[in-house]
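This report refers to the structure that appears directly beneath it.
The values are calculated or read from the model by the stated rules, or taken from the named source; none is laboratory data. The structure presented is a predicted model; accordingly, all values stated were derived computationally and were not measured. Every residue, glycine as well, gets a Cβ built from its backbone with ideal geometry; the counts of neighbours run over all protein chains shown. Remember, those area values only see protein heavy atoms, side chains included, never the ligands or the DNA or RNA. Shrake-Rupley method; radii C 1.70, N 1.55, O 1.52, S 1.80 Å.
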Amino acid sequence: MKEDILVLKHIYKRFPLGEGEFTALKDLSLNMQAAEFSGLVGPSGSGKTTLLNIIGGLDQPSEGEAIVLGQDVANMSAKAAANFRNLELGFIFQQFNLLPVYTVFENVEFPLLLQKKSKAERQKTVKEALEWLGIAHLANKKPDKLSGGEGQRVAIARAIVKRPKLILADEPTANLDAANAHNIMRLMRRLNQELGTSFLFSTHDEKVMAYLERIIHLRDGEIEKDEAQIPKTVSE
Amino acid sequence: MIAWTLAYRNLKGAGLRTWLNASILSLVFVLILFINGLLDGWNQSAKQDSIAWEFAAGQYWAQGFDPLDPFSYQEGLKDWPQSLEGTPILWRQGSIYPDGRMYPLIIKGIPAQQELLALPTALLAQSQAQFPALIGHRMAKNCQLQKGDRLLMRWRDQKGSFDAQEIEIAGVFDSPLPSVDQGQIWVDLLSLQAKTGLENKANIWVAAKAKPQSVAGANWQELEVLLAPINKIIEAKKGSSQFSYYILLAIALLALFDTQVLSIFKRQKEIGTYISLGMSPKEVQLLFTLEGGLYAIFGLFLGGLYGAPLLYYLAQNGIPMPEMADEMGVSMGKAIYPVYSWILILKTSLIILASSFLVSYWPARKIARMSPVAALKGKLQ
């Protein structure tokens, strides 16, 4: 029996809207086990990104309990949440969110710098991550010189370089063409299988869905359906 | 330390924006140093000139004497003890008549052999004229006199009777000090004492040594007291020039503030990314504050690069002063040699650093209140 890395109980998230409020998540409960490759799927406004933000400690639920990797992210201070994200989580964004003035190497090195790793260790680990993703030759390039696929690989390298237990990927293929989207998904699946890293996606891209082991359908802030599937293999 | 590293990387990567901010701050740094150095140099040379030409180590004034009160010249007189080192000066009211025009002035009698003051009184001893006199170049210009000119001089003797004699200009000296030049004429002390019936009398004694001995019937005037008016003039000039460079500094800081505000607005996603990667909002706030502060550090460094040789050159070669500068009423040589003290450099650097950190911190406070989610979406207004 695998351990639960994510336990959400009766989560509500409400946002002020005019004089009233908008409920983005309604009584949402969810568990996720280690090394899962799962996705939150649903139309825009269904609450996918809001849920990812709560799991990532970037936002707090209005109500409910959120335990991620054994930590109560619903009641964390900003500093503790930052520390938690730095040590335990990886983020991959739709628009890559690479730091524009840094080189590829510096972008990937960034989380290790926050962890106060030694220079030698940083260089070794970053080099390994870049080589693993096949982008070592881009090390000295700035993000604006990268193609979409290259940019997303750098973002993945930045997410995995600190070997997080859970990676949260928000629409990671939305800005990529089909070929690059498949390549990126294969890469992440390989990571999941070889390193045991858990992934939770937010997507409505069918190319992504095809690789997922578990699809959690959201609609209007509620889980509509939670289904397991046989994913597309890396070699396909 | 990490924040410094990141701030440095961010600014290095920002390229032109960094150079523009650093350049304007460096310009302000160099200008403040230059203006203050110029005034300090002026102050220093004015004091040195005053010591060399007028005050030496200090002055004894005969009781009742006040250089600003002509009536006291008659009352404030005394015999000075022979044991004193220095030179006596006798002041008398009088007038000269160049080309028939009357020109009231102060006649100052000084021993022709004295070497304590820079006044070229040896010319009085060397002159073959019956009654030689020295004037400064300002006086010469005002009265249209030159060396060798003869003219009538009138004075009152000790009993108030008028007397007059033809004098000959034995020399025109070039002093940076208007106070030994304008409205006065220098003659040999013994001659003046004899012509006014004031044998052995003088109004002041310019001391050769700083530590005074007590002299009955005289008041000791410390050098600092004598130099105080110069300090006041320089301080007043500093005050007015400070206004202009504070405006300059304010413009530079406004540019920096503007950059920071724009940065925070334009770099929202970056801020959100920092937070999602593990920085706390406070750490990002610190990062942005340090970035602003680093502009100042770069500015100081850049200012040092081009300012140091420039300011050194000016300090060595001086800044020529125009003719009209002579009319400012305070000692001013033909050139001013700026003086840059370590305190001035340190103070200016600290002012620029502290104000840059402050204007950077001000907009950066907004980061601590930002929602990381809104920042990531770039939705903050």
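Tabulated data
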item	result
Selected residue (only one of A:110, A:93 is open to solvent by less than 30 Å² (accessible area, probe 1.4 Å), at the interface with chain B (Cβ under 7 Å from one of its Cβ atoms) and touching a residue at least 12 places away in the same chain (Cβ under 8 Å))	A:110
Options B:259, B:273: the member that is touching a strand residue (DSSP E or B) at 6+ places or on another chain (Cβ under 9 Å) and buried (at least 18 other Cβ atoms within 10 Å of the Cβ)	B:273
Close pairs from the range B:271-284: first at the interface with another protein chain (Cβ under 7 Å from one of its Cβ atoms) and in a loop (DSSP other than H, G, I, E, B), partner open to solvent by less than 10 Å² (accessible area, probe 1.4 Å) and hydrophobic (A, V, I, L, M, F, W, C), Cβ under 6 Å, at least 6 apart	B:278/A:82; B:279/A:82; B:280/A:82
Sole exception among (1) more than 26 Å from residue B:56 (Cβ to Cβ); (2) in a strand (DSSP E or B); (3) at pLDDT below 95 for residue B:168, by number	(3)
Any hit, the range B:274-285, residues being on the phi > 0 side of the Ramachandran plot and of a type outside the set (Asp, Glu)	yes
Output for the range B:185-201, where each listed residue is outside any helix (DSSP H, G or I) and modelled with pLDDT of 95 or more	B:185, B:186, B:187, B:188
Lone qualifier among A:159, A:174, A:179, A:155 - being open to solvent by 10 Å² or more (accessible area, probe 1.4 Å), outside any strand (DSSP E or B) and touching a residue at least 60 places away in the same chain (Cβ under 8 Å)	A:174
Extreme residue, modelled with the highest pLDDT, among residues of the range B:304-338 that are assigned to a loop (DSSP other than H, G, I, E, B) and open to solvent by 40 Å² or more (accessible area, probe 1.4 Å)	B:337
Cβ pairs under 6 Å, 6+ apart, first in the range B:88-110 and without any contact (Cβ under 8 Å) to a residue 12 or more places away in the chain, second buried (at least 19 other Cβ atoms within 10 Å of the Cβ) and part of a strand (DSSP E or B)	none
Restricting the range A:21-78 to residues that are of a type in the set (D, E, K, R) and not in a strand (DSSP E or B), the residue that is least open to solvent (accessible area, probe 1.4 Å)	A:48
Cβ-Cβ under 6 Å pairs, at least 6 apart or on other chains, the range B:346-366 side assigned by TED's automatic domain parsing to the domain that holds residue B:295, far side open to solvent by 10 Å² or more (accessible area, probe 1.4 Å) and not in a helix (DSSP H, G or I)	none
Boolean, residue B:230 is modelled with pLDDT under 90, within 37 Å of the chain's Cα centre (by Cα) and open to solvent by less than 30 Å² (accessible area, probe 1.4 Å)	yes
Lone qualifier among B:225, B:187 - being of a type in the set (Val, Ile, Thr), in contact with a Pro (Cβ under 9 Å, 6 or more places away or on another chain) and farther than 30 Å from residue B:28 by Cβ	B:187
Residues located in the range B:1-16, provided they are open to solvent by 50 Å² or more (accessible area, probe 1.4 Å) and more than 10 Å from chain A (Cβ to nearest Cβ)	B:4, B:8, B:16
Residues (touching a Ser or Thr at 6+ places or on another chain (Cβ under 8 Å) and open to solvent by 60 Å² or more (accessible area, probe 1.4 Å)) located in the range B:128-162	B:154, B:156, B:158
Number of the exception - residue A:81 against (1) closer than 30 Å to residue A:177 by Cβ; (2) touching a residue at least 24 places away in the same chain (Cβ under 8 Å); (3) within 11 Å of chain B (Cβ to nearest Cβ); (4) not in a loop (DSSP other than H, G, I, E, B)	(1)
